[in-house]
Amino acid sequence: MLHCMTSEPEQQLGVGTQDAFQRLWTPHRMAYIQGENKPSGPGAGDGCPFCSIPAKSDEDGLIVKRGEQVYAVLNLYPYTGGHLMTVPYRHVADYTDLTGAETAELAELTKQAMTALRTASGAHGFNIGMNQGTVAGAGIAAHLHQHIVPRWGGDTNFMPVVGHTRVLPQLLADTREMLAEAWPAA
């Protein structure tokens, strides 16, 4: 079993070839990968967990804060401890379909979540974002939700650390041009 971070292989219990990698086992994520608690369709009545969570008690639904338009809830399948989501009560898929009140409260609850996570866990930083659509990585694309993922020094992904590489899908000049052409007029 690996007890500390070294480049020397140590005995590992379980199946696999001995190497220098430490393993972080997260068996709870397998339920997510296999589709547990995923809706059967895009409608609010198709088993959307974000529509059913508000009917539960705060404890049973893992709700941290209820607002008038939006609530903050712990992610059932977190990337890190304290991984929160801010979710509108209304079943809406696209950020551009939010009302002004929903947008404002989503932003306010996100700020409050950051403050709470800094106070409770000493988070050094955050990944905050939404995956719009299945192709963009949304696990539940039919109901908008914003992730607030606390981060700490030394907790980075593998590409920049191991591969010394940042993955970009196109040249920056091409990206800038595409965005400039698509930017709405003021």
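The values are calculated or read from the model by the stated rules, or taken from the named source; none is laboratory data. Here the structure is a predicted model, which means the values were calculated and not measured. Cβ atoms come from the backbone with ideal geometry, glycine included; neighbour counts cover every protein chain shown. Heavy atoms of the whole protein, side chains included, go into the accessibility calculation; ligands, DNA and RNA do not. Shrake-Rupley method; radii C 1.70, N 1.55, O 1.52, S 1.80 Å.
A few notes on this one:
- Scanning the range 44-74 for residues that are more than 23 Å from Ala101 (Cα to Cα), open to solvent by 60 Å² or more (accessible area, probe 1.4 Å) and in contact with a strand residue (DSSP E or B) (Cβ under 8 Å, 6 or more places away or on another chain) gives Lys56, Leu62.
- Applying the set (1) open to solvent by 30 Å² or more (accessible area, probe 1.4 Å); (2) under 18 Å from the mean Cα position of the chain (by Cα); (3) not small (Gly, Ala, Ser) to Glu105 leaves exactly one unmet item: (2).
- The set of residues from the range 115-131 being closer than 17 Å to Asn75 by Cα, open to solvent by 40 Å² or more (accessible area, probe 1.4 Å) and in contact with a Phe, Trp or Tyr (Cβ under 7 Å, 6 or more places away or on another chain) comprises just one member, Met130.
- Output for the range 46-103, where each listed residue is more than 19 Å from Ala142 (Cα to Cα) and part of a strand (DSSP E or B): Ile63, Val64, Lys65, Arg66
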